[in-house]
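Asker: The structure is given below, and queries will be raised subsequently.
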Amino acid sequence: MTDCLFCKIAAKEVPARIVHEDDDTLAFEDINPQAPKHLLVIPKKHIPTLNDVVPEDAPALGHLFSTAALLAKQGGFAERGWRVVVNVNRDAHQLVFHVHLHVLAGRPFHWPPG
Ligand code: 5GP
Ligand code: ZN
């Protein structure tokens, strides 16, 4: 996917503050943080939205969550609490069409979400 921003970040063609990388996953700081801690965790594979996930993607998506949990422990916010958000398409305000977990922490979050 040549014109995908997050593929470009994964390929190091666009700079980002990367906090974790392995064979399947990349995590980096959101450029416009909505909480004191706001990370994005992405699969290196280009998947536009959760609507496009197929059963073969299950291990990669599971790995996204275990990476998020690792980052929560390493970041010291696991016990206090944190939130994971995945926006899908326009009603949810998805702007970048490459699946990503928003990992938010460092303040209380409201429920129901806005
Ligand atoms: P979405 O609205 O698609 O769920 O979330 C996209 C996220 O990507 C937003 O939180 C936005 O701030 C972030 N973002 C957009 N462009 C960039 C960028 O160039 N670098 C980084 N690090 N984050 C970005
Ligand atoms: Zn992509």
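Asker: Here are some residues: PHE97, PHE65, PHE77. Which one is under 11 Å from the mean Cα position of the chain (by Cα) and among the aromatic types (Phe, Trp, Tyr)? Before the answer, list the steps.
Answerer: Working: PHE97 fails: under 11 Å from the mean Cα position of the chain (by Cα); PHE77 fails: under 11 Å from the mean Cα position of the chain (by Cα).
Result: PHE65 is the single residue among PHE97, PHE65, PHE77 that is under 11 Å from the mean Cα position of the chain (by Cα) and among the aromatic types (Phe, Trp, Tyr).
Asker: Here's another thing I want to ask about it. Search region 58-69 for residues that are farther than 11 Å from LEU101 by Cβ and pair each with any residue that is surrounded by fewer than 18 Cβ atoms within 10 Å (Cβ to Cβ) and polar (S, T, N, Q) when their beta-carbon atoms are under 6 Å apart and the residues are at least 6 apart or on different chains.
Answerer: Note: no pairs meet the criteria.
Asker: Still on this structure: Yes or no: ALA69 aliphatic (A, V, I, L, M), surrounded by fewer than 15 Cβ atoms within 10 Å (Cβ to Cβ) and more than 25 Å from GLY106 (Cβ to Cβ)? Can you show your working first?
Answerer: Values: aliphatic (A, V, I, L, M): yes; surrounded by fewer than 15 Cβ atoms within 10 Å (Cβ to Cβ): yes; more than 25 Å from GLY106 (Cβ to Cβ): no.
When the stated conditions are applied, ALA69 does not pass them.
Asker: Among the residues of region 9-18, are any more than 13 Å from ligand 2 (Cβ to nearest atom), in contact with a Leu (Cβ under 7 Å, 6 or more places away or on another chain) and either farther than 16 Å from HIS98 by Cα or assigned to a helix (DSSP H, G or I) (or both)?
Answerer: Yes, there is a match, as at least one residue in region 9-18 is more than 13 Å from ligand 2 (Cβ to nearest atom), in contact with a Leu (Cβ under 7 Å, 6 or more places away or on another chain) and either farther than 16 Å from HIS98 by Cα or assigned to a helix (DSSP H, G or I) (or both).
Asker: May I ask you to list pairs of residues, at least six apart or on different chains, whose Cβ atoms are under 7 Å apart, with the first in region 95-114 being within 12 Å of LEU5 (Cα to Cα) and the second being of a type outside the set (A, V, I, L, M, F, W, C) and assigned to a strand (DSSP E or B)?
Answerer: Between residues of region 95-114 that are within 12 Å of LEU5 (Cα to Cα) and residues that are of a type outside the set (A, V, I, L, M, F, W, C) and assigned to a strand (DSSP E or B), the close pairs are VAL99/PRO43.
Asker: Determine if region 28-42 includes at least one residue that is out of contact with any helix residue (DSSP H, G or I) (no Cβ under 7 Å at 6 or more places or on another chain), modelled with pLDDT of 95 or more, among the hydrophobic types (A, V, I, L, M, F, W, C) and loosely packed, with under 15 Cβ neighbours inside 10 Å. Before the answer, list the steps.
Answerer: Pass one, region 28-42, residues out of contact with any helix residue (DSSP H, G or I) (no Cβ under 7 Å at 6 or more places or on another chain): 29-36, 38, 40.
Keeping just the survivors that are modelled with pLDDT of 95 or more gives 29-36, 38, 40.
Within this subset, residues satisfying the condition of being among the hydrophobic types (A, V, I, L, M, F, W, C) are 31, 35, 40.
Still in the running and loosely packed, with under 15 Cβ neighbours inside 10 Å: 31.
Yes, region 28-42 contains a residue that is out of contact with any helix residue (DSSP H, G or I) (no Cβ under 7 Å at 6 or more places or on another chain), modelled with pLDDT of 95 or more, among the hydrophobic types (A, V, I, L, M, F, W, C) and loosely packed, with under 15 Cβ neighbours inside 10 Å.
Asker: Could I ask something else about it? Restricted to region 73-82, and to residues that are in a loop (DSSP other than H, G, I, E, B), in contact (Cβ under 8 Å) with a residue 12 or more places away in the chain and not small (Gly, Ala, Ser), which residue is farthest from ligand 2 (Cβ to nearest atom)?
Answerer: Of everything passing the filter in region 73-82, ARG80 is farthest from ligand 2 (Cβ to nearest atom).
Asker: Give region 83-114 a look and list any residue that's hydrophobic (A, V, I, L, M, F, W, C) and not in a strand (DSSP E or B), or say none. Steps first, answer last, please.
Answerer: First, the residues of region 83-114 that are hydrophobic (A, V, I, L, M, F, W, C): 84-86, 88, 92, 95-97, 99, 101, 103-105, 109, 111.
Passing the criteria: VAL86, VAL88, ALA92, LEU95, VAL96, PHE97, VAL99, PHE109, TRP111.
Asker: For region 14-68, what are the residues that are away from ligand 1 (no atom under 14 Å from the Cβ) and of a type in the set (Ser, Thr, Tyr)?
Answerer: Passing the criteria: THR25, SER66, THR67.
Asker: On to the next question. Please specify each residue of region 82-108 satisfying the condition of being among the hydrophobic types (A, V, I, L, M, F, W, C) and either open to solvent by 50 Å² or more (accessible area, probe 1.4 Å) or closer than 18 Å to ALA27 by Cβ (or both).
Answerer: Let us first name the residues in region 82-108 that are among the hydrophobic types (A, V, I, L, M, F, W, C), namely 82, 84-86, 88, 92, 95-97, 99, 101, 103-105.
Matches in region 82-108: TRP82, VAL84, VAL85, VAL86, LEU95, VAL96, PHE97, VAL99, LEU101, VAL103, LEU104, ALA105.
The values are calculated or read from the model by the stated rules, or taken from the named source; none is laboratory data. Bear in mind the structure is a predicted one, so any value in this text is a computation, not a measurement. Using ideal geometry, Cβ is built from the backbone for each residue, glycine included, and neighbour counts are taken over all protein chains shown. Please note that ligands, DNA and RNA were not included when accessible areas were found on the heavy atoms of the full protein model with its side chains. Shrake-Rupley method; radii C 1.70, N 1.55, O 1.52, S 1.80 Å.
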